[in-house]
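Novice: Here's a structure for you.
The values are calculated or read from the model by the stated rules, or taken from the named source; none is laboratory data. In this text, all values refer to a predicted model and were calculated from it rather than measured experimentally. When we count neighbours, we look across all protein chains shown, and the Cβ atoms used for this are built from the backbone with ideal geometry, even at glycine. Remember, those area values only see protein heavy atoms, side chains included, never the ligands or the DNA or RNA. Shrake-Rupley method; radii C 1.70, N 1.55, O 1.52, S 1.80 Å.
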Amino acid sequence: MSVARSTSARKSSTAPKSAKKTATSKEKGRTRPPAGQSSAEHRGDLLEAMLRIRRFEERCVELYSAAKIRGFVHLYIGEEAVAVGINEALTPEDAVVSTYREHGHALARGVTAEAVMAEMYGKATGCSGGRGGSMHLFDASRRFYGGSAIVAGGLPLAAGLALADRMREQPRVTCCFFGDGAFAEGEFHETANLAALWNLPLLLVCENNLYAMGTALAREHAQTDLAMRAASYGMPAWAVDGMDVEAVEQAASRATEGIRAGTGPHFLELRTYRFRAHSMYDPDRYRNKAEIEQWKARDPVSRLTDRMRENGELGARELARIEHQITDEIDRAVESAEQAPEEPVENLLRHVTSARRRVVS
Amino acid sequence: MGAGGTEVSKTTYREAMREAMREALRSDDRVFLMGEDVGRYGGCFGVSLGLLEEFGPERVRDTPLSESAFVGAGIGAALAGMRPIVEIMTVNFSLLALDQILNNAATLLHMSGGQLPVPLVIRMTTGAGRQLAAQHSHSLEGWYAHIPGIRVIAPATIEDARHMLAPALADPDPVVIFEHGSLYNASGELAPPAAPVDLDHAAIRRPGTDISLIAYGGSLPKALVAADELAAEGISAEVIDLRTLRPLDTEVVTASVARTHRAVVIDEAWRTGSLAAEVSARIAEESLYELDAPVERVCSEEVPIPYARQLEETALPQIADVVAAAHRAVD
Ligand SMILES: Cc1ncc(C[n+]2csc(CCOP(=O)(O)OP(=O)(O)O)c2C)c(N)n1
């Protein structure tokens, strides 16, 4: 397998360009729709999906302050383009493995705002029956495998999902989200090695938001070019502008095409930023205002909105309609979570072992 | 070595375990074996010797040295409908995969509100006695038995080595199997099973009336020899094999103590916080008024298991220690 080179300088180029630059000769031969060809309607869907995540989480902030939601809550605000862009390249048969910062991944995957919100409330109707909370969202019917609060803990599991597909020759992709912090864990390296060695249909999506809690990238990595390091395992690896949903989608499609064609795992480093603190508990003392403002200027939501406006693809009225519809959806999710029954304490010991366990005697 | 045959055959614990895996691989194409050196090498303890030739490298899969990755991959494959048997060379190395076992395998069902059962089997060797020194000799079964969400079994006999794997694979939840390294060469007659093997109940391996010797895994043979020695002195010892360390079958233990009124718990782990501690506590909770003597425990000395033969022997529970403990209880 030939190895793609990532661009090494963070500032150097935009994603589609860098992706083209780093294509292997085999991949170059494949025809891909040129950038900018996707329709206005499609861009509208991307915008709506990002806005759903943004507004959902803004509501979470309010609900957290009102003590309706407790526990650790990690917001994705600023990173929406990653979840939405990646999801565009996946089919319902594909699997997604996520982290504790997974509201965006879950919503993009189609887990309903209602089911996610109910879980945040710890209600019986939540997508994990009230056992998981914000950090442990699951939806087996959508092949959404959570929801893990152990940094990098989902990576080996994702390799296993991909292994099962490979062994049964299922043309499916497993997508695993993780952060730059996770990249420093042994799990990432063990999994990258195993996946490349066994040619697994695995899409490794590193959300490089420049911080692992309060530790900046350069303070956690001896070599900060993550795509280059991933490429050293013998897999195609690209760095992508994670603030541009269309660039993310394009890179993801290219990667999943490669994976579906049997060329094994692919790695995407999404260069992104979280606009808010690591979690609701974090006073965010390790970043300066200027840096945050600089990244906010690249807000993926306003960037797409502006692009669509300039193209004449989005009027104020249409935007208001989308906003209104999402507000409605979230209102209903909150209302339904408020009304939803609590999981009875009599059920405390449920789901420790399977109820359907066959007692052999 | 037929499984379903009717003849009694001579075999070893190692071959019995291998035959169990061969049967599993033959009868269910979702089953595959994965671990370090399970293929070309034939398994670090020779358990999987020949399986690669029979089933090929897809289903008898050599993994890199990556305990966390391949145990986690087993979890993922199980979630996706496979029935992986993951082998970890020894319990000492399983600590590198403990995160996957505890934080993923054991918790996914619960955290997902029942959506994600993990039908995974993990096998590993445990125990000391072969002068392998501390990093290859520990008995951490009790740590695993501490964890809700997994089942922990310790086949101590050839029959159990041969017949516990199938129900373990049929279990929708993760099952961790501990094979004591000193048992692999044990040989004996293997009769066709009278009934399907049971993962829920302890077994009485030798009935007795004066004292209950409660053991599991590698300590069972020691308890049985101790019972012979006690019998020669006229003390009738009942030997209980716990077999399943989680969930513990306290009924068999309670019933035994109700008959004998004395108990010795034999456990190769360190006494502090051991499975023996748990069993003793259960006896105290459930059978205190049946006891005619304090519960005795025979465990390893609180020291990393040393290399030198005489030091290792002294550190480990020995037959004489069991006999002496029984005397203290009976006299
Ligand atoms: C194994 C482990 N170590 C430490 C933590 C505490 N922790 C939670 S999030 C986090 C930072 C992870 O950063 P990164 O992977 O970059 O993801 P991000 O939060 O930026 O999305 C840490 C250290 C943990 N949850 N798990």
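Novice: Which residue, A:Ala252, A:Ala218, A:Ala49, has the most motion in a Gaussian network model of chain A that connects Cα atoms within less than 10 Å?
Specialist: Top of the fluctuation ranking is A:Ala218.
Novice: May I pose another question? Per residue, what accessible area does chain A have, given a 1.4 Å probe and all protein chains present, in Å²?
Specialist: Working: 14860 Å² over 361 residues.
That works out to 41 Å² for each residue.
Novice: How large is ³J(HN,Hα), in whole Hz, for each residue of the stretch B:74-83 in order, when computed from phi with the Karplus curve 6.51 cos²θ - 1.76 cosθ + 1.60 and θ = phi - 60°, using x for Gly and Pro?
Specialist: Whole-Hz 3J(HN,Hα) from phi for the stretch B:74-83: x, 5, x, 5, 5, 4, 8, x, 8, 10.
Novice: Using helices alone, I'd like the mean residue ellipticity at 222 nm for chain A: each DSSP H run of four-plus residues gives -39500 (n - 2.57), total over residue count, nearest 500. Mind dumping the intermediate values first?
Specialist: Values: 15 runs with 160 residues, N = 361.
After summing the helix terms and dividing by residue count, I get -13500 deg cm²/dmol.
Novice: Let me ask something else about it. Placing +1 at every Lys and Arg Cβ and -1 at every Asp and Glu Cβ, with all other atoms neutral, what dipole size does the stretch B:194-288 have around its Cα centre, in debye to the nearest 20? Before the final figure, lay out the partial values.
Specialist: Working: 9 positive and 15 negative charges, 16 e Å.
With Lys and Arg at +1 and Asp and Glu at -1, about 80 debye.
Novice: Probe radius 1.4 Å, ligands and nucleic acids ignored: give me the carbon and sulfur share of the accessible area of chain B as a rounded percent.
Specialist: On the way: 6510 of 11970 Å².
Answer for chain B is 54 percent, counting heavy atoms of protein chains only.
Novice: Each label point is 7 Å from the Cα along the Cα-to-Cβ direction; what then is the distance between the points at B:Ala284 and B:Ser187, in nm?
Specialist: Calculated label separation equals 4.5 nm.
Novice: Taking 7 Å along the Cα-to-C-beta vector as the label spot, tell me the A:Ser232-B:Thr314 distance in nanometres, rounded to one decimal.
Specialist: It works out to 4.8 nm between the two label points.
Novice: Would you check chain A for Lys pairs whose C-alpha atoms are within less than 29 Å, ignoring same-chain pairs closer than 8 in sequence, and give me the count?
Specialist: Close lysine pairs found across chain A: 14.
Novice: Quote the FRET efficiency, to the nearest 0.05, computed for B:Tyr307 versus A:Arg168 with a Förster distance R0 of 60 Å and r equal to the Cβ-Cβ distance.
Specialist: Values: r = 46 Å, r/R0 = 0.77.
Between B:Tyr307 and A:Arg168 the formula returns 0.85.
Novice: OK, next. Using a 10 Å cut-off on Cβ to Cβ distances, tally the other chain neighbours for every residue of B:62-71 and report the average as a whole number. Walk me through the intermediate numbers first.
Specialist: Values: counts 0, 4, 5, 2, 10, 3, 9, 15, 7, 3.
If you average over the peptide's residues, the count of other-chain Cβ atoms is 6.
Novice: What's the average, rounded to a whole number, of partner chain beta-carbon atoms within 10 Å of each residue's beta-carbon in B:102-108? Before the final figure, lay out each step's value.
Specialist: On the way: counts 1, 4, 9, 1, 2, 8, 8.
Partner-chain Cβ atoms within 10 Å, mean over residues of B:102-108: 5.
Novice: How far apart, in nm, are two points set 7 Å out from the Cα along the Cα-to-Cβ line at B:Arg130 and at B:Ala258?
Specialist: It works out to 4.1 nm between the two label points.
Novice: Under 5 Å between amide H atoms, partner at least 5 residues away or on a different chain: which partners does B:Ala263 have, H built in plane at 1.01 Å?
Specialist: B:Ser212, B:Glu296
Novice: Kindly state, to the nearest 0.05, the FRET efficiency for A:Ile292 paired with B:Ser9, given R0 = 56 Å and r defined as their beta-carbon distance.
Specialist: Values: r = 73 Å, r/R0 = 1.30.
So, using R0 = 56 Å, E works out to roughly 0.15.
Novice: Just to be sure I understand the interface: list residues from the stretch B:157-178 that lose 40 Å² or more of accessible area between the chain on its own and the complete protein assembly, 1.4 Å probe.
Specialist: Output list: B:Pro172, B:Asp173.
Novice: Another question, if that's okay. With a cut-off of at most 16 other beta carbons within 10 Å, and DSSP calling the residue loop, which GluC sites (Glu not before Pro) in the stretch B:28-134 qualify? Please list them. Display every interim value, and only then the final one.
Specialist: Numbers: sites: B:Glu36, B:Glu53, B:Glu54, B:Glu58, B:Glu67, B:Glu87; in loops: B:Glu36, B:Glu58.
Passing both the DSSP loop test and the Cβ count: B:Glu58.
Novice: Under the Karplus relation 6.51 cos²θ - 1.76 cosθ + 1.60, θ = phi - 60°, what is the ordered set of whole-Hz ³J(HN,Hα) values for the stretch B:164-181, x standing for Gly and Pro?
Specialist: Once rounded to whole Hz, the list reads 8, 5, 4, x, 5, 6, 7, 6, x, 10, x, 10, 9, 10, 9, 10, 6, x.
Novice: Chain pair B, A: how much accessible area is buried, both chains summed, with a 1.4 Å probe, in Å² to 100?
Specialist: Details: alone 13810 and 16710 Å², together 26830 Å².
For chain B against chain A, roughly 3700 Å² becomes buried.
Novice: Which value, in debye to the nearest 20, gives the size of the charge dipole of chain A about its Cα centre, when Lys and Arg are +1 and Asp and Glu are -1 at the Cβ?
Specialist: Values: 48 positive and 49 negative charges, 203 e Å.
That gives a dipole near 980 debye.
Novice: Counting other Cβ atoms within 10 Å, keep those with at most 13, restrict to DSSP loop, and tell me which chymotrypsin sites (Phe, Trp or Tyr not before Pro) in the stretch A:180-281 are left.
Specialist: On the way: sites: A:Phe183, A:Phe188, A:Trp198, A:Tyr211, A:Tyr233, A:Trp238, A:Phe267, A:Tyr273, A:Phe275, A:Tyr281; in loops: A:Trp198, A:Tyr233, A:Tyr273, A:Phe275, A:Tyr281.
Of the chymotrypsin sites (Phe, Trp or Tyr not before Pro), the ones in loops of the stretch A:180-281 whose Cβ has at most 13 other Cβ atoms within 10 Å are A:Tyr281.
Novice: Build a GNM of chain A with springs between Cα atoms under 10 Å: which of A:Arg101, A:Arg70, A:Arg54 gets the top mean-square fluctuation?
Specialist: Maximum among the listed residues: A:Arg70.
Novice: Another question, if that's okay. Within the stretch B:196-250, report the GluC sites (Glu not before Pro) that DSSP leaves as loop and that have at most 13 other Cβ atoms within 10 Å.
Specialist: Working: sites: B:Glu229, B:Glu233, B:Glu238; in loops: B:Glu233.
Here the GluC sites (Glu not before Pro) that fit, given the DSSP loop and packing criteria, are B:Glu233.
Novice: For the stretch B:252-312, with the dipole built from +1 on Lys and Arg beta-carbon atoms and -1 on Asp and Glu ones, taken about the Cα centre, which of B:Ala269, B:Ala255, B:Leu288 lies farthest toward the positive end?
Specialist: B:Ala255
Novice: Please give the contour-minus-distance gain from A:Thr215 to A:Asp328: 0.36 nm per residue of separation, less the Cα-Cα distance, rounded to one decimal in nm.
Specialist: 36.9 nm
Novice: Same structure, new question: Pick from B:Ala237, B:Ala255, B:Ala156 the residue whose mean-square fluctuation is largest in a GNM of chain B, springs joining Cα atoms under 10 Å.
Specialist: B:Ala255
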